[in-house]
Ligand code: IPM
Ligand code: MG
């Protein structure tokens, strides 16, 4: 087995803390599974602004391009909030990275272990078995990237800003193909979410998804929901979904809603897969926790490393094809957490561990 070559972009605030915990867990797994890790660290986000004057330096892009995957921490925070919006770490690092590698398919598992239902703001009777759903968000189209995107002063002195929501049929088809693969590996139920009663892009979205699934995956049960209804259904009965697929902004919003009902942002991983293939012929991808930089937790050694570790598991699965190693890592996290080893965000006020001790507990459960 050739070495696992990946770029490590830890970023800001808790990013480097949870990353170092995750790298330690990965090293322990690698030792047990006879894998060789070969990773290169590179600056990104606010850390890169401070060091190189830019949130996504060319050298960082080159490190990523030379690797088979990117393990990403998180970027942004109060320190850089005074910069013009377009120079802030999120817009100047994360979005261009997604764009550069055409990371169009964002997979966000919404997983709440039954033992942790108490961490969810939902009533336990709504989620007796916890939550197990998958959000698939289109990540390189729609409002976040469409042009024109500008603020102008009009002849009458008023100011106008415009963002453009644009989708091509081919973009909708490729994310539908990802959703089909995911739904086949789960319960064969796919829900497509749009706003086809108002938006042209959504009309095309719905037509395209319907035709594509009918042609390529007629065995799946396909349903459609308007996004406002979907937001409501997600809190009413999350497990009515299995896999849902939606455009960029709707997915951004619904995935945060999913995150909160799953108890803690500190548990949620994500994979962003590209059109490109890596040196193993597998999807090049970026793997990041969904929780952000949590400036209030930074520097205290208390952040939950699970989301970063679970993101590393997704990297093993999708970009390295190591299903068993990925499953072993996921099982270790699950056993550690359900066995009572927890960080403060999921401890319900009970005794809790710091970041490094949590990583140790996971290593012990490998
Ligand atoms: C996310 C984040 C990003 C997004 C921000 C930080 C640009 O909210 O990954 O969901 O909107 O995509
Ligand atoms: Mg978001």
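Results, tabulated for the structure shown:
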quantity	calculated
Cα-Cα P(r), the chain, percent of pairs per 10 Å interval	5, 24, 33, 27, 10, 1, 0
The chain: calculated mean residue ellipticity at 222 nm from DSSP helix runs of at least 4, using -39500 (n - 2.57)	-11500 deg cm²/dmol
Segment residue 331-residue 1, extension gain: residue separation times 0.36 nm, minus the distance between their alpha carbons	116.5 nm
Peptides 282-291, 225-234, 245-254 ordered by average Cβ neighbours within 10 Å, highest first	282-291, 245-254, 225-234
Contact order relative to length of the chain, as percent, for alpha carbon pairs under 8 angstrom and 6 or more apart	21 percent
Label-point gap, in nm, between residue 153 and residue 236 - each point 7 angstrom along Cα→Cβ	4.9 nm
Residues 293, 153 arranged by fewest to most Cβ contacts within 10 Å	153, 293
For region 1-135: rounded, prolate or oblate by the Cα gyration tensor [a/c cutoff 1.5]	oblate
Separation in nanometres of the label points that stand 7 Å from Cα toward Cβ, at residue 185 and residue 83	3.4 nm
Contour minus Cα-Cα distance for residue 66 and residue 177 (0.36 nm per residue)	37.3 nm
Mean Cα-pair separation over length for region 1-139, i.e. relative contact order, pairs under 8 Å, 6 or more apart, %	24 percent
Least to most buried among 24, 99, 342 (fewest other Cβ within 10 Å first)	99, 24, 342
Pairwise centroid distance, computed over Cα atoms, of region 196-226 with region 46-109, Å	32 Å
GNM top mover of 221, 343, 140 - the chain, alpha-carbon springs below 10 Å	221
Share, in percent, of DSSP beta bridges within region 121-261 that are antiparallel, nearest 5	25 percent
R0 of 41 Å, Cβ-Cβ distance residue 123-residue 143: FRET efficiency to nearest 0.05	0.75
Gaussian network model of the chain, springs between alpha carbon atoms under 10 Å - residue of 29, 111, 83 with greatest fluctuation	83
Normalised per residue, the volume of the convex hull around the Cα set of region 284-366 (Å³)	89 Å³
Gained length - residue 164 relative to residue 207, 0.36 nm times residue gap less alpha-carbon distance	13.4 nm
Cα-Cα separations in region 121-261 greater than 22 Å, expressed as whole percent	42 percent
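Bear in mind these aren't lab numbers, they're just calculated from the coordinates by the rules spelled out. Since the structure is predicted, the reported quantities are computational estimates derived from the model, not experimental observations. Heads up, the Cβs are rebuilt from the backbone with ideal geometry, glycines too, and the neighbour counts pull from every protein chain shown.
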